[in-house]
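What follows is a short report on a single structure.
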Amino acid sequence: MLPSISEYIQSIELSGETLNRLRQLVPVRKADGQVYFSSGNFAVVFRMQDSQTGKQVALRCFLREVPGRRERLRAIARYLTENPSDYLLPFTLHLNEIWVDTRFGKEHEFDVVVMPWVEGQTLSQYVADCCRNQQHQKLTALAHRFDELVRWLLNQPMAHGDLKADNILIRPDGRLILIDYDGCFVPALSGKEATETGTLPYRHPARTPAHFDRHLDDFSLLGLSLELHALSLSPGLYTDSDTLLLSLSVVNDPFHTDQWNLFRRLSSANVSLRASLLEHAIHCAPKPIPGLMDLLHMPESDSVTITTRPETLIPYLQKRQWRFVNQSGEFVGSGEWESVAPFTEGLAPVRKQGKWGFCNVQGQLVIDCQFDEVREFRAGLAVVRQLGKYGFINPEGQPVIPCAYDEIGYFAEGRALVRQNNTYGFIDEQGELVIPFQFESAAPFAEGLARVKLGGNYGFIDVAGTLQIPCELPFADSFSEGLAAVEKNGQFGYINQDGLLTIPYQFDLAGIFAEGLASVKKARKMGFINHEGALVIPFEFDEILFSSALPFTEGLALVRKRNLFGYIDKQNQLVIPYQFTDADNFSEGLAAVQLGGKWGYINQQGDLVIACTLDHAYRFHNGLALVRKNNRLIYIDQTGHMYWDKI
């Protein structure tokens, strides 16, 4: 039998005597003199200070017996040490570390876990504060940062096991940290059963201890993402309960809950798609959720797979005309087109007699060739141009937003950037001009804010059009991972979403943050910094593109020394040696590289998987890449197969 919370508190009060090898730890106390602690179902956590180093740590004491706990915690601790991440905290298990005078009087020495202390609020607390204060901007930014966490976690071989708002911390700089690792799955625990099954409504209702693998978190991640996107649109929906928004009836009585209608009434594609996928997942057995990665626009990066879906046709160049073939190589449809583009959302742009339309996956023309320009469908809308003006059509070819603008961008966070007479504004999804034409330039919304230019300087507005960061910056980039690069007097630094300079002006060039790092330049050399501005990869690389800093993608960064290119990981290990005369970032597990004046593709191990025989090569998207061969643009798949008749 393990001690109670009160018994642990009595022992912590005398930590200099009751701790074994950790006697340098002393409890941190509140203003009233009481020791600082928090508790959950399985453990109580004390805030302690190391009297030797001055650093604070969390000391975790267990309240419930769990079979095989030591073996599991050792496996989890080893995994966290070998696979460091900004989303996770390493910990150390100390056996028989704390002496407790228990009421049972049999055992007196108990195991503890020690990990770094992290300041911050739980996701529950942060969302509650934002909703009470109607802070749409912060909630939108949070939803996007959470989706970045989803992207990362779904690509890992581990799972948290009990993801909910109380097990996610938000640091003062906005970064997310997962806590409470008792129920984690790591590869070393394969074949075992779970010691807990998570918390409703964030776990699948049919989940049992037998469901224990890397997909444990799929259901939780989808539910939390749905809540955050919904609350970012309507903070007033928040109720002070054990969840952010989802009710227990969603999983207990899914056929009769009114919450599905509530989500649909928000009229947001982001929310509706997540709600539909969650509703579908509830009615299926606990398993990986198909379409979750696609929904969040997150490419798999663990291995190279052909991502073109079986029902999607592939553009094929035949005798200077374009056709479509299926994955068996059979021609589909009778059309011979002057130009085509790949399918998205079941439709592909096609051109005939200088005009563009769309065909379906049966190869049939379903939207007549009538437009001067078209772009791909995204979330049920495609940009089209007629008579020099841009608008949107739906998959039936009907105008949703009339062609009335000099330029138009896709919707991001419920707003689309539009230009008229050299000034920029934003429309909503109903086509209403909600932010008037006034800006000299603007960028799409990212993490709740859009970069705009007024009077020759840059600032940021929220989705209501309110200027949140004044237009006083000579240059600013869009926000990424909570920070935006800004320039002053020829030097670059970074601001947070409150407009505060968190990384001082010191760099000659600064890129966006991606995967926790940003590329920066100083004294003609490139390096990488983290969110605190600490240099984690030294200034030792040559600039790749003039006035451009390339980010990490899929865990690797393209770097150059003198005239050769290679790839490093986040620990600055040269994973793929300097050998290429030109190269590009990774996309869907492959990167275009140049050798001997010709282009091909390598995988993340550096193996040349598509030979360097191409005149030029572009990035893969949905399993296909556009390449140039014999002065012709054609498509290639991830096996290296080229879709053309060699003419």
- Residue that is surrounded by the most Cβ atoms within 10 Å (Cβ to Cβ), among those in segment 111-163 that are over 21 Å from the mean Cα position of the chain (by Cα) and polar (S, T, N, Q): Gln135
- Please work out if Ala230 is at pLDDT below 95, over 21 Å from Arg145 (Cα atoms) and of a type in the set (A, V, I, L, M, F, W, C). no
- Item | Members of segment 209-223 found to be out of contact with any strand residue (DSSP E or B) (no Cβ under 8 Å at 6 or more places or on another chain), without any contact (Cβ under 8 Å) to a residue 60 or more places away in the chain and surrounded by fewer than 24 Cβ atoms within 10 Å (Cβ to Cβ), listed by number | Pro209, Ala210
- Query: Can you name every residue in segment 440-466 that is buried (at least 23 other Cβ atoms within 10 Å of the Cβ), among the hydrophobic types (A, V, I, L, M, F, W, C) and part of a strand (DSSP E or B)?
  - Reply: Ala442, Leu449, Ala450, Val452, Phe460, Ile461
- Query: Across segment 496-520, what is the number of residues that are farther than 17 Å from Pro470 by Cα and among the acidic types (Asp, Glu)?
  - Reply: 2
- Note on the structure: Of the residues in segment 244-271, those that are buried (at least 20 other Cβ atoms within 10 Å of the Cβ) and at pLDDT 80 or above number 4
- Query: What number of residues within segment 508-532 are crowded, with 16+ Cβ neighbours inside 10 Å, free of Cβ contacts under 8 Å to residues at least 40 places away in the same chain and assigned to a loop (DSSP other than H, G, I, E, B)?
  - Reply: 1
- Message: Name the single residue that is surrounded by the most Cβ atoms within 10 Å (Cβ to Cβ) among those in segment 543-590 being outside any loop (DSSP other than H, G, I, E, B) and of a type in the set (Lys, Arg).
- Response: Arg560
- Task: Can you give me the number of residues within segment 598-615 that are surrounded by fewer than 18 Cβ atoms within 10 Å (Cβ to Cβ), in contact (Cβ under 8 Å) with a residue 24 or more places away in the chain and assigned to a strand (DSSP E or B)?
- Result: 2
- Query: Right, Leu2: of a type in the set (A, V, I, L, M), surrounded by 15 or more Cβ atoms within 10 Å (Cβ to Cβ) and more than 29 Å from Leu176 (Cα to Cα) or not?
  - Reply: yes
- Message: Within segment 416-439, take every residue that is at pLDDT below 95 and closer than 23 Å to Lys138 by Cβ and give me the one that is surrounded by the fewest Cβ atoms within 10 Å (Cβ to Cβ).
- Response: Asp428
- Considering every residue within segment 181-195, establish whether at least one is within 19 Å of Thr243 (Cα to Cα) and in contact (Cβ under 8 Å) with a residue 60 or more places away in the chain. no
- Item | Which listed residue is touching a residue at least 40 places away in the same chain (Cβ under 8 Å) and closer than 21 Å to Phe460 by Cα, from Gly425, Gly363, Gly414, Gly409 | Gly414
- Note on the structure: When every residue in segment 103-136 that is basic (Lys, Arg) and part of a loop (DSSP other than H, G, I, E, B) is compared, the one farthest from Ser234 (Cα to Cα) is Lys106
- Item | Selected residue (criterion: surrounded by the most Cβ atoms within 10 Å (Cβ to Cβ)) from residues of segment 488-507 that are more than 17 Å from Asp173 (Cβ to Cβ) and at pLDDT below 95 | Lys488
- Item | Positions within segment 1-45 being charged (D, E, K, R) and touching a Pro at 6+ places or on another chain (Cβ under 8 Å), in sequence order | Glu13
- Query: If you go through segment 404-439, how many residues are assigned to a strand (DSSP E or B) and at positive phi?
  - Reply: 0
- Query: So which residues in segment 224-242 are closer than 21 Å to Asp182 by Cα and buried (at least 24 other Cβ atoms within 10 Å of the Cβ), if there are any at all?
  - Reply: Leu224
- If we ask which residues in segment 80-112 are of a type in the set (A, V, I, L, M) and within 24 Å of Pro172 (Cβ to Cβ), their number turns out to be 3
- Give the residue that is nearest to the chain's Cα centre (by Cα), with candidates limited to residues of segment 55-104 that are surrounded by 13 or more Cβ atoms within 10 Å (Cβ to Cβ) and of a type in the set (Asp, Glu). Asp86
- Hits in segment 211-241 (condition: polar (S, T, N, Q), closer than 27 Å to Glu196 by Cβ and not in a helix (DSSP H, G or I)): Thr239, Ser241
- Item | Glu107 vs. criteria more than 26 Å from Arg145 (Cβ to Cβ), among the acidic types (Asp, Glu) and surrounded by fewer than 16 Cβ atoms within 10 Å (Cβ to Cβ) | yes
- Enumeration of residues in segment 314-334 that are in contact with a strand residue (DSSP E or B) (Cβ under 8 Å, 6 or more places away or on another chain), surrounded by fewer than 18 Cβ atoms within 10 Å (Cβ to Cβ) and outside any loop (DSSP other than H, G, I, E, B): Gln318, Gln321, Val325, Phe331
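The values are calculated or read from the model by the stated rules, or taken from the named source; none is laboratory data. Quick caveat: nothing in here was measured; it's all calculated off a predicted structure. FYI the Cβ positions are ideal-geometry reconstructions off the backbone, even for glycines, and counts take in every protein chain you see.
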